[in-house]
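Here's the structure, in structure tokens; my notes come after.
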Amino acid sequence: MKLLDHRIALKPEDRSHNYGHGKVATLCMGAWAVMLLLAGFQVLFQGTGELIILIKGQAPVTPGISAFFAAALSPLSKGILLRYDEKENGQLYPGGSGPAKYLSLREELFFTGCVLLGIGCTYLPGKGWAAADSLAAVFLSLFVLKASARALYGTADELIEASLDEESNLNIRRLISETEGVISCRGLKTRKIGKNIAINVSINVKESLNIREAAGISSRVEERLKTTYGEETYTLIKAEPDQNRNCPFRKTSRSPEKSIGKNLISKN
């Protein structure tokens, strides 16, 4: 699922996908979360069933030595994928603001360690160790269910176009406000597009600036945002005169009703 994510989601935009293929990453995350959810329930039911067998005094099925070596070698493949994931995200997100991972390295090591401990204890002498694998299975099933619920929530949040978290929005506002020429910003709208993000904001600049100077400030804001969040970030920056000051065009502008009324009065 992770390889499919990288192969398709990182494809550039084309005519039929103007915003790229980032939503494929969201779909892959959702599919992975569903598989993890099903696996969590299966492990929970299987581990609970084996514990019931032990309580009844029957001998449970001991995992074979192949299961131990498979669990021991699994961190190798996971480490390669995590390394590849960090390399790709490091190129796309130089500011360290890449998307959330499927599982962090700490979670992967914790998961693998518990599996190895549970299987390894069954080979120790004594009947009491036979329950170690079942207990580890039940414990890890709760961990798996929690991880899948977190991933499903994140997937649903992205599919309904939820905005970025408050910390990211505050950081975006800070980057914009600290840009030379920007007086303030308002109307910030953000959302995730798979591994990329979209930012829509209005900035206030001095009313004395011409169109070219205002466009230059917008370009500097866009450059700062893409430097932090990656070149694939979609930005829409709208420059407006500072609202805290009186603008000449606002003094002269008036509604059609008032203009018609004044003309009638002058004619009379």
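Each value in this text was obtained by applying a stated rule to the coordinates, not by laboratory testing. On a predicted model such as this, the values are computed, not experimentally measured, just so you know. Cβ placement follows ideal geometry from the backbone for every residue including glycine, while neighbour counts extend to all protein chains displayed.
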- Place the peptides 137-150, 66-79 in order of packing, highest mean first, counting for every residue the other Cβ atoms within 10 Å and averaging per peptide. 137-150, 66-79
- Karplus-derived 3J(HN,Hα), 6.51/-1.76/1.60, for each residue of region 31-40, Hz, glycine and proline x: 5, 5, 5, 5, 4, 5, 5, 5, 5, x
- Net lengthening on full extension, ILE80/ALA59 (0.36 nm per residue, minus Cα-Cα): 3.7 nm
- Are any of the pairs LYS2/LYS189; LYS78/LYS189; LYS11/LYS146; LYS206/LYS238; LYS2/LYS146 more than 25 Å apart by Cα-Cα distance, and if so, which? LYS2/LYS189; LYS78/LYS189; LYS11/LYS146
- Under 5 Å, built H, 5+ apart or other chain: amide partners of ILE199: TYR234, THR235, LEU236
- Local net charge near THR233, Cβ-Cβ under 10 Å (Lys/Arg +1, Asp/Glu -1): -2
- Note on the structure: Within the under-14-Å Cβ sphere about VAL138, not counting VAL138, Lys/Arg +1 and Asp/Glu -1 give a net charge of -1
- State the dimensionless ratio Rg/Rh of region 166-245 (Rg: radius of gyration of Cα atoms; Rh: Kirkwood radius). 0.97
- Message: Quick query: amide H of SER184 versus all other amide H atoms, modeled in the peptide plane; which residues come in under 5 Å with a sequence gap of 5 or more or a different chain?
- Response: ASN204
- Note on the structure: FRET efficiency (ALA72, ILE8; Cβ distance; R0 35 Å; to 0.05) is 0.65
- Task: Please sort by residue number the GluC sites (Glu not before Pro) in region 143-237 whose DSSP state is loop and whose Cβ has at most 13 other Cβ atoms within 10 Å.
- Result: GLU161, GLU178, GLU180, GLU231
- Query: Fewest first, what order do ARG212, ARG173 take by the number of other Cβ atoms within 10 Å?
  - Reply: ARG212, ARG173
